[in-house]
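Any read-out appearing in this document is the output of simple, stated calculations on the displayed coordinates, not a laboratory observation. Values in this document were obtained by computation on a predicted structure and should not be read as measured data. No Cβ is skipped: glycine too gets one built from the backbone with ideal geometry, and neighbour counts run over all protein chains shown.
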Amino acid sequence: MSHVRAIGLDIGTTTICAIVLDAMTGEILETMTEQNGAGIESVHLWEKLQDASLISRQAEKMIDQLTKKHAPIACIGVTGQMHGIVYIDEQGNAVSPLISWQDGRGDILYKDGLSYAEYLSKVTGYKLATGFGAVTHFYNTINHLVPVSAKYFCTIMDYVGMKLTNTLQPLSHPSNAASIGLYHVESNCFDKEAIKKAKMDEAIFPNVSNAGELLGVTSLEVPVAAAIGDNQASFIGSVRNNEECLLINIGTSSQISVFTHTFNKNSKVEIRPLIEDGFILVGSPLCGGRAYALLESFFREIAERASGKESPKLYNLMESLAGDFSKIHNPLKISTQFCGTRENPSLRGKISNLGTDNFTPGHFTVGVLQGMVQELNDLYQMMKLEQAIVPKMMIGSGNALRMNRVLQQMISEVFGMPLHIPVYKEEASYGAALFALTQIRFFKNIQEAQSLIQYET
């Protein structure tokens, strides 16, 4: 068995990434990353759509190229952006765009002074937010927006899995089912009674996979594992010891995640399925790395207006401005909740302690970075109160974190632990490949597969 290779596919909001993993060494043999240019313009500011069929064709083409180039491929793992849904007809074809996790229709006022998300949460007893597939479908049901030919709905990675295996019915891993909402963890299925209370049809919800269940095989006879959520895939692809590690991921959004064996349905922190015998506690600031990107865009617009010329990205300059953050005098206090929170979508960011002596680009840069870190730390303190967590190691992932040394230093100081960065930056794709290898029993469990992970020195 000198050549055992797996493909990991990650369907992100802005990019689609596929890797070829050497299962014997843990080395990535090839990485293919393409822009996800499937965005669809809408007349509604709250509507966030992508062309699901275009995404699928692009992903299939990438998989086909890598499968032929690196044959034989033992298996394919799939992950991607969670919460969003696409409607599927009985022939297994998309009959709607992908309504993504960023979609805001759930925050629109419905009745009794409640938004669609709040009303559905009240009726069903589940904590839900805009962008969750169940909320999106509830809004569409009420407003007669469900396509007439729709037989099911599912996440975008479930749909791509269907296309790769030429199957007609979606099958969701528990990590994806939970991201849709109205998923009952104990019975591993969508809650039929809750769905009925909301006057929705349970038949349109996807079936949920069991442990070790494969979707099928590709036209080249390569097994494809059920798709998993990108948060779970990043955890699997970054952490060598689930029970001892804290994971901080900062990309467009951000997450802080720790493993737990216990499912507490009354938890104030979101609990997501990970593997058969465990879960992850997850805190998810909605803005995350986007907060820093907004500041960069602000600075760049000023530069372009002043010069009359297009400006290059200013991230290197901003990192230089923030380099001596520990010595900065009279720092700003900036809340980076510019997109609100899942619990309070109307919440907005704040700037305080602003005076004549600290109205500088450096103070604003440091303030935004510290605000991002503080939001994650506040969520971590909630987790510690609930689970008495004492991690021994802190792992960092996501491009926004990898590319910013100042942010890494801030996180280490605030959390009081060194930050370890995985050697390979494609953590979600890597985790999807490792998961698929366990589904074909090349590794006996996730822990054995994670022994391949290495960290930068």
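Quick notes on this one:
- Longest to shortest principal axis, alpha-carbon extents of region 5-226, angstrom: 58, 39, 31
- A dipole drawn for the chain from +1 and -1 charges on Cβ atoms has a positive end, and of Asn143, Ile280, Leu419 the residue lying farthest that way is Asn143.
- Note: relative contact order over the chain, using C-alpha pairs below 8 Å and six or more positions apart, is 17 percent.
- The packing ranking of peptides 280-289, 123-132, 37-46, 438-447, highest mean first, is 280-289, 123-132, 438-447, 37-46, where packing means the average number of other beta carbon atoms within 10 angstrom of each residue.
- Karplus 3J(HN,Hα) series, Hz, for region 215-224 with 6.51 cos²θ - 1.76 cosθ + 1.60 (x for Gly, Pro): 6, x, 10, 7, 4, 9, 6, 9, x, 10
- Over the chain: helical MRE at 222 nm, DSSP H runs n ≥ 4 each giving -39500 (n - 2.57), nearest 500: -10500 deg cm²/dmol
- Computed label-point distance, nm, for sites Ala293 and Phe359 using a 7 Å Cα→Cβ extension: 3.0 nm
- Between Val390 and Glu448, the contour length at 0.36 nm per residue exceeds the alpha carbon distance by 18.6 nm.
- The packing ranking of peptides 82-94, 402-414, highest mean first, is 82-94, 402-414, where packing means the average number of other beta carbon atoms within 10 angstrom of each residue.
- Distance violations [Cα-Cα > 22 Å] among Lys127/Lys199; Lys313/Lys350; Lys48/Lys350; Lys48/Lys309; Lys48/Lys199; Lys333/Lys384: Lys313/Lys350; Lys48/Lys350; Lys48/Lys309; Lys48/Lys199; Lys333/Lys384
- Each Lys and Arg adds +1 at its Cβ and each Asp and Glu adds -1 at its Cβ; summed about the Cα centre, region 241-421 shows a dipole of about 340 debye.
- Theoretical FRET efficiency, 1/(1+(r/R0)^6), r = Cβ-Cβ of Asp112 and Asn241, R0 41 Å, to 0.05: 0.30
- Estimated FRET transfer efficiency when R0 is 45 angstrom, pair Lys265-Lys309 (beta carbons, to 0.05): 0.20
- Mean Cβ neighbour count within 10 Å, used as a protection proxy, ranking 375-386, 228-239 highest first: 228-239, 375-386
- Shape metrics for region 334-426, restricted to C-alpha atoms - Rg then Dmax, Å: 15.1, 44
- Membrane-span-like helices in the chain, defined purely by DSSP H runs whose alpha carbon atoms cover 30 Å or more axially and whose average Kyte-Doolittle hydropathy reaches -0.5, are 361-387.
- Proximal charge balance of Ser335 [Cβ under 12 Å; K/R count +1, D/E count -1]: +1
- Cβ-based net charge around Ala203, under 15 Å, with every Lys or Arg adding one and every Asp or Glu removing one: -2
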